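Okay, so here's the structure we're looking at.
The values are calculated or read from the model by the stated rules, or taken from the named source; none is laboratory data. Model, not experiment: these values are computed from the prediction. Note: ideal-geometry Cβ built from the backbone for every residue, glycine included; neighbour counts use all protein chains shown. For the accessible areas, the whole protein counts, side chains as well, though only heavy atoms, and no ligand, DNA or RNA atoms are used. Shrake-Rupley method; radii C 1.70, N 1.55, O 1.52, S 1.80 Å.
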Amino acid sequence: MKIAIVGGGIGGLTLALALFDAGFEDIVVYESAPAIKELGVGINILPHAVRELAELGLLDDMYAVAIPTQELVYYSKRGQRIWGEPRGLAAGYKWPQFSIHRGELQTLLHRAVVRRLGESRVLTGHHLGAFSQKGETVEMEFLDRKGGVKVASAEADLTIACDGVHSTVRRAFYPNEGPPKWNGVTMWRATTEAKPFLTGRSMIMAGTFSRRVVVYPISKKHDDRGMSLINWVAELKIADDQPMPVQDWEFIADRDEVLKAFGAFEFDFLNVPEMIRNSSTIYQYPMVDRDALDTWVHGRVVLLGDAAHPMYPVGSNGASQAIIDARVLARELALKPSVDEALSAYDAVRRPATAAVVAANRKVGPELCMEIVEELAPDGFTRIEDIIPVSELEEISARYKRTAGFDPNVLNVRESLSVKRG
Ligand SMILES: Cc1cc2nc3c(=O)[nH]c(=O)nc-3n(C[C@H](O)[C@H](O)[C@H](O)COP(=O)(O)OP(=O)(O)OC[C@H]3O[C@@H](n4cnc5c(N)ncnc54)[C@H](O)[C@@H]3O)c2cc1C
């Protein structure tokens, strides 16, 4: 079967590896960008997705560049500790959680695809412009993204759209859907080289959903020399009547604007204004998602990752869910007697699962504890137990893990999604 993967991001490249592992060989990844470059800043890969990458033989590659996250701690806007929990191996998972530069993850996936499938299997500079279906064949036309000039046409028996939040394929099926939905939050993202904070492997969040920072180290290279490459996201909800910021992952923000919004975030464990002042380029992006669809399958074209279920970056699930999509789809294609049955099975499992995460993230996911504390103790507290019982904090966290599929008690014992065909 000839398989076309549109988009060589995290989902598309993982899918190429998962399909190859499941016995498919005639796979081509078509990527719009002229080259696979290390774009973006940090992301987290949670244990359920790390398991999938580990079973694809990528665990050592991840350890070589990423930070295995040890704990996640939530603080109020005053820097008071609300709740902290161990993460990854420290939390009893069989697999770590990794904080990693998105570009480094994409590069390591790309390298693995080239090594296993061959260089000719990833075609950069191929932006899907149009496609149509004739019977069980998908015909595609690729353009040069900048000039709009046609560079190639191709056919496939199955096309999997992994073309991200601005998916061309999704737009073709849902032409009236419009742009992604903005919740009014602007995200500023950057990295800062600095001395390690807390354990040196801690991820922290401080503030409330309308003004908060998310901070964690992402680089083993820096860690090896006693430093941290600290990834941070500063999020500010502005008035609802403001126009949505530009949706461009590489849009450069105004540092003074960020400093103005987070000048008060000077905590004893982390000086946020100093971190902002010393950072590399700051990128700006709106916090967006989309409503769930009623199907991801349209004949022999199917959606995956952000193209299927863009979600707020709450609870660190965007990339992880794309990775799991890839593994489930590869498994179903390998095991089901027909492509149609495989696509239906994938749709039936992954669409509701990810819709639940999108919905949970709209309700601030595990970060609810920060909202509760702000509501009940806006001027600070002496003992967190006086504000909210520890059992409730535990349940907020556990509930989100169950929804997003990374409850350790379930993940550690569930069967592998690997399928090795002869
Ligand atoms: C440049 C960039 C930077 C990012 N930075 C961050 C970040 O810092 N933090 C964060 O949380 N998330 C970031 N993301 C989003 C994050 O990677 C995804 O939310 C998540 O990993 C899900 O992966 P995905 O494969 O579905 O989408 P993505 O990783 O977004 O990959 C989509 C891929 O499809 C390609 N593509 C798009 N349209 C076409 C087309 N018509 N034809 C062919 N190829 C196409 C894109 O170039 C991209 O490589 C970034 C995405 C991109 C593209």
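Within segment 329-422, the GluC sites (Glu not before Pro) that combine a DSSP coil assignment with at most 13 other C-beta atoms in a 10 angstrom radius are GLU415. Using C-alpha pairs below 8 Å separated by at least 6 residues, the relative contact order for segment 198-315 is 17 percent. Contact order, relative form, for segment 136-242: 22 percent (alpha carbon pairs under 8 Å, 6 or more residues apart, mean separation divided by residue count).
Loop-located trypsin sites (Lys or Arg not before Pro) across segment 186-237 with a Cβ neighbour count of 10 or fewer within 10 Å are ARG225, with loop assigned by DSSP.
Taking 0.36 nm per intervening residue step and subtracting the Cα-Cα distance, what contour gain separates ALA152 from GLN133 on full extension?
Taking 0.36 nm per residue and subtracting the Cα distance, the gain is 5.2 nm.
Residue pairs exceeding 28 angstrom between C-alpha atoms, taken from LYS77/LYS181; LYS237/LYS401; LYS220/LYS260; LYS134/LYS181; LYS134/LYS336; LYS221/LYS420: LYS220/LYS260; LYS134/LYS181; LYS221/LYS420.
What the Cβ-Cβ distance of ARG78 and GLU141 gives, at R0 = 56 Å and to the nearest 0.05, is a FRET efficiency of 0.50.
Here, segment 306-422 is characterised by an Rg to Rh ratio of 1.12, where Rg is the alpha-carbon radius of gyration and Rh the Kirkwood radius. Close amide H pairs (under 5 Å, H built 1.01 Å from N) link ALA152 with PHE142, residues at least 5 positions away or on another chain.
Tell me the GluC sites (Glu not before Pro) within segment 236-286 that lie in a loop according to DSSP and have at most 11 other beta-carbon atoms within 10 Å.
Filter output for segment 236-286: GLU250.
Computing FRET efficiency as 1/(1 + (r/R0)^6) for GLU177 and ASN278, where r is the C-beta to C-beta distance and R0 is 45 Å, gives about 0.65.
Hey, what did the chain get for relative contact order, percent, Cα under 8 Å, at least 6 apart? The normalised contact order for the chain reaches 21 percent. Taking a straight line from the alpha carbon of LYS146, these lysines sit under 18 Å away, with near neighbours fewer than eight places off in the same chain left out: LYS37. Carbon and sulfur: what percent of segment 32-86's accessible surface (1.4 Å probe)? With neighbouring chains kept in place, the figure for segment 32-86 is 53 percent.
Of ARG121, ARG350, ARG383, the order by accessible heavy-atom surface (1.4 Å probe, DNA, RNA and ligands excluded), from most exposed downward, is ARG383, ARG121, ARG350. Across all directions, the average projected area of the convex hull around the alpha carbons of segment 22-77 is 6.8 nm². The listed residues ASP289, ASP386, ASP248, once ranked by accessible area (1.4 Å probe) with the largest placed first, stand as ASP386, ASP248, ASP289. In order along segment 145-151, the Karplus-derived 3J(HN,Hα) couplings, from 6.51 cos²θ - 1.76 cosθ + 1.60 at θ = phi - 60°, round to 4, 6, x, x, 7, 5, 10 Hz, and Gly and Pro are given as x. The value for the chain of Rg(Cα) / (2.2 N^0.38 Å) is 0.97.
Over segment 242-400, the fraction of Cα-Cα pairs per 5 Å bin, rounded to whole percents and listed from the shortest bin up, is 1, 8, 12, 13, 14, 15, 13, 10, 6, 5, 3, 1, 0.
Across segment 309-323, rounded Karplus estimates of 3J(HN,Hα) from the backbone phi angles (6.51 cos²θ - 1.76 cosθ + 1.60, θ = phi - 60°) give 8, x, 9, 5, x, 10, x, 6, 10, x, 5, 4, 5, 5, 5 Hz, Gly and Pro being marked x.
Would you mind getting me the FRET efficiency between VAL390 and ASP60? Use the beta-carbon distance for r and R0 = 45 Å, nearest 0.05. Before the final figure, lay out the partial values.
Details: r = 37 Å, r/R0 = 0.83.
Result of the calculation: an efficiency of 0.75.
In nm², what is the average projected area of the convex hull enclosing the Cα atoms of segment 132-260? Mind showing how you got there, number by number?
Working: hull surface 50.6 nm².
Seen from a random direction, the Cα hull of segment 132-260 projects 12.6 nm² on average.
What spacing in nm lies between the two simple spin-label points modelled at ASN409 and LYS363, each 7 Å away from Cα in the Cβ direction? Label-label distance for ASN409 and LYS363, simple model: 2.0 nm. Counting only aspartates and glutamates at least 8 places from LYS150 when in the same chain, those with an alpha carbon closer than 12 Å to its own are GLU141. Estimated from helices alone, the mean residue ellipticity of the chain at 222 nm is -10000 deg cm²/dmol (sum of -39500 (n - 2.57) over DSSP H runs with n ≥ 4, per residue).
Averaged over its residues, segment 126-268 has an accessible area of 49 Å² per residue, based on protein heavy atoms and a 1.4 Å probe.
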